[in-house]
Amino acid sequence: MKAGRRNPGMDPLSRFIRIATLLCWAIFFSGLMLYHYGRPQINYGFLRYLQIEVREDWLTGTKPLLYIILMVCTMMSLVTFFLLRQRSRRANDNRSYNLLGLMLFSVGFILAISL
């Protein structure tokens, strides 16, 4: 520890919150990749012209898995968000807009694929 430093480093809760935030984003991006490869393909006019067959349904098992991934992402971001709020000492200490945005994206994505 340096001589003039008052804070010895990150406490275990801060480290857990940071790791959980990164894990939430990783789970969300894995859900985006699953959505990209599992969704029905778009039947463009060029594909119809070349008579290329396109898949019109979801791949088997990808849609329920995508729901689970997005639910886990939403729950983890909620828990991490409330842990940050519980830990902060001041009202404007850490606003964590990235977790709030991630939670809103996940919920919006769940609503979009369910329609």
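The values are calculated or read from the model by the stated rules, or taken from the named source; none is laboratory data. Every value quoted in this text rests on a predicted model; they were computed, and no experiment measured them. Cβ: placed from backbone, ideal geometry, glycine included. Neighbour counts: every protein chain shown.
For residues in segment 70-88 being in contact (Cβ under 8 Å) with a residue 24 or more places away in the chain and surrounded by fewer than 19 Cβ atoms within 10 Å (Cβ to Cβ), which is nearest to Ile110 (Cα to Cα)?
Met71
When you check Met10 against the structure, is it assigned to a loop (DSSP other than H, G, I, E, B), touching a helix residue (DSSP H, G or I) at 6+ places or on another chain (Cβ under 9 Å), at pLDDT below 90 and farther than 16 Å from Cys73 by Cβ, yes or no?
It is true that Met10 is assigned to a loop (DSSP other than H, G, I, E, B), touching a helix residue (DSSP H, G or I) at 6+ places or on another chain (Cβ under 9 Å), at pLDDT below 90 and farther than 16 Å from Cys73 by Cβ.
Restricting to segment 14-36, name every residue that is of a type in the set (Phe, Trp, Tyr) and at pLDDT below 90.
Result: Phe16, single match.
Identify all residues within segment 48-69 that are surrounded by 10 or more Cβ atoms within 10 Å (Cβ to Cβ) and either assigned to a helix (DSSP H, G or I) or touching a residue at least 24 places away in the same chain (Cβ under 8 Å) (or both); write none if there are none.
Once the filter is applied, which keeps residues that are surrounded by 10 or more Cβ atoms within 10 Å (Cβ to Cβ) and either assigned to a helix (DSSP H, G or I) or touching a residue at least 24 places away in the same chain (Cβ under 8 Å) (or both), segment 48-69 yields Arg48, Thr62, Lys63, Pro64, Leu65, Leu66, Tyr67, Ile68, Ile69.
Given the structure, is Gln41 outside any helix (DSSP H, G or I) and either touching a Ser or Thr at 6+ places or on another chain (Cβ under 7 Å) or on the phi > 0 side of the Ramachandran plot (or both)?
So Gln41 does not fit the description; no.
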